[in-house]
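Colleague: Before we start, here is the structure in question, set down as structure tokens.
Please treat every number below as a calculation from the coordinates, not as lab data. None of the values given here were measured: they were computed from a predicted structure. Quick reminder, even Gly has a Cβ in these numbers, built from the backbone with ideal geometry, and neighbours come from all protein chains shown.
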Amino acid sequence: METPTLRVHVLGASGSGTTTLGAALAARMGTVHLDADDYYWEPTDLPFQSPRPVEERQSLLEDDTTDHSSWVISGSLCGWGDFLIPSLQLVVFLWVPTEIRLARLRAREVAQFGAEALEPGGAMCRNHRDFLDWAACYDGGDAGMRSLAQHSEWMERLTCPVLRFEGESPLEALVERVLESE
């Protein structure tokens with residue numbers, strides 16, 4: 001059975017599950033999963049410290065999206081990735097309560113960097129604390145930052161279908177709901 005061509009963007013707050021859903025959806029579709037963070041951030045010893053210049057991230061993302069007829073991109077493209085809007089066939093928005101997202105982010109960072117690096121005096125302590133403070137502001141932040149307001153305004157400009165999922169759902173159920181919508 002041939003997989004249909006589909007170009008999907010999955011977005012939401014950090015910790016809402018965009019990367020997890022994006023990777024699972026791409027695997028089910030038999031296509032490539034692209035993570036916006038891989039384009040947005042320069043590779044550094046301490047990750048997520050230095051954004052790439054906009055033109056460079058756009059060029060890298062454009063190269064990868066034109067190499068494939070189908071793809072799933074997770075993360076936030078708002079502003080810098082708007083050149084892809086005409087290519088999008090489906091956008092999936094995930095909203096998860098703040099306390100659940102923050103717990104996920106803490107666990108993810110412990111798994112990625114180790115508990116010692118995140119504790120006071122650790123190499124990632126300040127970055128970890130600043131990141132969690134930033135992530136906690138998503139629901140109430142204004143449209144000038146990565147926030148619910150920014151994502152809502154961005155989605156209003158789209159001409160493709162937008163699926164909105166609120167709360168926690170089993171991953172496989174989300175994948176099925178996205179695939180059934182097509």
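Colleague: What spacing in nm lies between the two simple spin-label points modelled at S169 and S87, each 7 Å away from Cα in the Cβ direction?
Modeller: Calculated label separation equals 2.6 nm.
Colleague: Okay, helix-only estimate at 222 nm for the chain: each DSSP H run of n ≥ 4 adds -39500 (n - 2.57), divide by all residues, round to 500 deg cm²/dmol; what do you get? Mind dumping the intermediate values first?
Modeller: Numbers: 8 runs with 82 residues, N = 182.
Taken over the chain, the calculation gives -13500 deg cm²/dmol.
Colleague: Rounded to the nearest Å, what's the spacing between the alpha carbon centres of segment 141-182 and segment 11-61? Just the number, please.
Modeller: Computed from Cα coordinates, the inter-centre distance equals 16 Å.
Colleague: Please compute the contact order of the chain in relative form: average sequence separation of alpha-carbon pairs under 8 Å and at least six residues apart, divided by the residue count, as a percent. Don't skip to the answer; put the middle values down first.
Modeller: Values: 241 pairs, mean separation 51.9, N = 182.
Normalised by residue count, the contact order of the chain is 28 percent.
Colleague: Still on this structure, I have one more. Mean Kyte-Doolittle of at least 0.5 and a Cα length of 15 Å or more along the axis: which whole DSSP H helices of the chain meet both? Can you show the working numbers first?
Modeller: Numbers: long enough: 18-29 (16 Å, 0.81); 54-66 (18 Å, -1.22); 98-113 (22 Å, -0.29); 125-136 (17 Å, -0.91); 171-181 (16 Å, 0.53).
Helices meeting the criterion: 18-29, 171-181.
Colleague: For segment 25-160, compute the orientation-averaged projected area of the C-alpha convex hull (one quarter of its surface), in nm².
Modeller: Details: hull surface 36.8 nm².
Result: 9.2 nm².
Colleague: Can you give the FRET efficiency for D142 and T66, using 1/(1 + (r/R0)^6), R0 = 45 Å, r = Cβ-Cβ distance, to the nearest 0.05?
Modeller: It comes to 0.85.
Colleague: Determine the dipole magnitude for the chain: charges of +1 sit on the beta-carbon of Lys and Arg, -1 on that of Asp and Glu, nothing else is charged, the reference point is the Cα centre, and the result goes in debye to the nearest 20. Spell out each step's value before the answer.
Modeller: Details: 14 positive and 29 negative charges, 66 e Å.
Computed about the Cα centre, the dipole is about 320 debye.
Colleague: Kirkwood Rh over Cα pairs of segment 52-115 into Stokes-Einstein at 25 °C, 0.890 mPa s: D in µm²/s?
Modeller: Details: Rh = 14.4 Å.
Translational diffusion coefficient: 171 µm²/s.
Colleague: Another one. Testing the spin-label approximation: label points 7 Å from Cα along Cα→Cβ at E42 and E153. State their distance in nm.
Modeller: So the label points at E42 and E153 sit 2.8 nm apart.
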